[in-house]
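Asks: Got a structure here, written out as structure tokens. Questions coming.
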Amino acid sequence: MSTPYWLSPKIKQAFIRLIAHHTGLIIRERDQAALQEKIFARMKEIKLTFPEDYYLLLNCPTWEAEQEWKNLVVLLTNLESYFFRDKEQCSLLRTKILPELIQRHQGDKTLRICSAGCSTGEEPYSLAILLNELIPDIKTWNLRIFGIDINQDALEKAKQGNYRAWSLRSIEPQIKQNYFQFIDNHYQIEPKIKPLVKWQQLNLVKDPLPQPNLDLQDFDLIICRNVFIYFESSAIAQVLDKFYHALQPLGYLITGHSELYGQVLKQFQTNVFPESLVYQRQTESLVYTPVGDVPSPLTLDTEDDYTLAFHPETLEDDLKKNTIKMQHVALNLLKQLPPDTHLQKLGNLTASELIEQVESSLNIIEQDSL
């Protein structure tokens, strides 16, 4: 039997596998010492002596086990978040994605958005603020923004809408002034914003999605950023399938940069904007054309399309301006990949080598255009 102060390699690996199976979370080697401390902290709290007993508790299909998983997950998950995180993706949402969705739903005035892995609520509240800025007649709309997370403690903090200055470190002064009240050295989200967001505890790996009984379905947009970096590849694939079925036809999925590297994305069309990759659920029976001046993305459906983007010399001279735009998009795409990624379709060069080539080619084209 193990001592109460040390996990044998065998039981440690058993915990790591169990956690991955139940939550999708990867416990990396550098985090294993911290995992041991968290396990013993929970054992002490519930007065268990041996790790094997704690493992058996977690591995049982009982109500007690589910309650203990909730307590352990609080220790395992990262709560780091802040308002308007990732300025490029926020700009994309503000200028392209959300305006298109608003135009699409001018008739029914219904918009449904999900922030998956919402932590303490900064992301869904940021979305609510963006929509309030973009929709003049917002009171006439039926808006549903859902913040879902596995960590119940994080959701309780999100419901309070009470944040320290560090969470607002990337926010514009005017937004801070319009949407927050400074009370007792904290920033309280404005009462008009809080009702726009609904909160729900959900295990992305174990729980079903869509869930009609919780109204978690038919989303126009799902945002799941800085979540998959903690997940096993198989868990990511499983959650992506759930997201696909929870989206409306032509609904969008936005993840963190390069988080889906290596995943099979045949269900989605990949749209490449200069700011980010965006994935879209397609339908064979419905084609939507954006209304007005909403810019369209560069859509890359095949490897030949990627080859074209990276080799502008194959284009005609009269398309030089479009070539420059495509080169910038291709450059942004490459920078989202791990630098040592080998791309067989492009001469088996690494992403960093291709970045150097594209930048060199772009400089030549831009100089010729002067």
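To keep it simple, each residue is scored yes or no on (1) under 16 Å from the mean Cα position of the chain (by Cα); (2) open to solvent by less than 60 Å² (accessible area, probe 1.4 Å).
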| position | (1), (2) |
| --- | --- |
| Gln201 | no, yes |
| Pro210 | no, yes |
| Ile229 | yes, no |
| Ser234 | no, no |
| Ala237 | yes, yes |
| Leu240 | yes, yes |
| Glu259 | yes, yes |
| Gln263 | yes, yes |
| Tyr279 | yes, yes |
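Asks: Just need a number here: residues in region 1-17 that are closer than 16 Å to Thr77 by Cα and in contact with a Phe, Trp or Tyr (Cβ under 7 Å, 6 or more places away or on another chain).
Replies: Selection size over region 1-17: 1.
Asks: Are any of the residues in region 144-152 assigned to a helix (DSSP H, G or I) and within 28 Å of Leu247 (Cβ to Cβ)?
Replies: Looking through region 144-152, at least one residue is assigned to a helix (DSSP H, G or I) and within 28 Å of Leu247 (Cβ to Cβ).
Asks: Select from region 106-120 the residues that are on the phi < 0 side of the Ramachandran plot and either within 12 Å of the chain's Cα centre (by Cα) or surrounded by 14 or more Cβ atoms within 10 Å (Cβ to Cβ) (or both) and list them in ascending order. Don't jump to the end; show me each part of the working.
Replies: Initially, region 106-120 is screened for residues on the phi < 0 side of the Ramachandran plot, giving 106-108, 110-116, 118, 120.
Residues satisfying the conditions are Leu111, Arg112, Ile113, Cys114, Ser115, Ala116, Cys118, Thr120.
Asks: Output the qualifying pairs, or none if there are none: Cβ atoms under 7 angstrom, residues six or more apart or on different chains, first residue in region 63-81 and modelled with pLDDT under 90, second residue hydrophobic (A, V, I, L, M, F, W, C).
Replies: Thr77/Ile150; Leu79/Ala154
Asks: Right, something else. Open to solvent by 30 Å² or more (accessible area, probe 1.4 Å) and touching a Pro at 6+ places or on another chain (Cβ under 8 Å): is that true of Gln103 in this structure?
Replies: Yes: the conditions hold for Gln103.
Asks: Oh, and also: Would you point out the residue of region 20-55, among those that are within 24 Å of Gln201 (Cβ to Cβ) and out of contact with any helix residue (DSSP H, G or I) (no Cβ under 8 Å at 6 or more places or on another chain), that is least open to solvent (accessible area, probe 1.4 Å)?
Replies: Ala34
Residues checked against (1) under 25 Å from Thr341 (Cβ atoms); (2) touching a helix residue (DSSP H, G or I) at 6+ places or on another chain (Cβ under 7 Å); (3) touching a residue at least 60 places away in the same chain (Cβ under 8 Å):
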| site | (1), (2), (3) |
| --- | --- |
| Lys198 | no, no, no |
| Lys206 | no, yes, yes |
| Asp215 | no, no, yes |
| Ile229 | yes, no, no |
| Ser233 | yes, no, no |
| Ala237 | yes, no, no |
| His245 | no, no, no |
| Ile254 | yes, yes, yes |
| Glu259 | yes, yes, no |
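Asks: Which ones in region 121-148 are buried (at least 20 other Cβ atoms within 10 Å of the Cβ), hydrophobic (A, V, I, L, M, F, W, C) and either without any contact (Cβ under 8 Å) to a residue 40 or more places away in the chain or over 17 Å from Pro99 (Cα atoms) (or both)?
Replies: Listed by number, the residues that qualify are Phe146, Ile148.
Asks: Could I ask something else about it? Looking only at region 140-172, which residues are of a type in the set (A, V, I, L, M, F, W, C) and in contact with a Pro (Cβ under 7 Å, 6 or more places away or on another chain)?
Replies: Within region 140-172, just Ile145 meets the criteria.
Asks: Give the residues of region 77-100 that are farther than 25 Å from Gln211 by Cα, touching a strand residue (DSSP E or B) at 6+ places or on another chain (Cβ under 9 Å) and open to solvent by 20 Å² or more (accessible area, probe 1.4 Å), sorted by residue number.
Replies: The answer is Tyr82, Lys96.
Asks: Okay, next question. Against the definition (surrounded by 17 or more Cβ atoms within 10 Å (Cβ to Cβ), out of contact with any Lys or Arg (no Cβ under 6 Å at 6 or more places or on another chain) and not basic (Lys, Arg)), how does Leu58 come out, yes or no?
Replies: Yes, satisfied.
The values are calculated or read from the model by the stated rules, or taken from the named source; none is laboratory data. In this text, all values refer to a predicted model and were calculated from it rather than measured experimentally. Using ideal geometry, Cβ is built from the backbone for each residue, glycine included, and neighbour counts are taken over all protein chains shown. Calculation scope for accessible area: heavy atoms of the full protein, side chains included, ligands and nucleic acids excluded. Shrake-Rupley method; radii C 1.70, N 1.55, O 1.52, S 1.80 Å.
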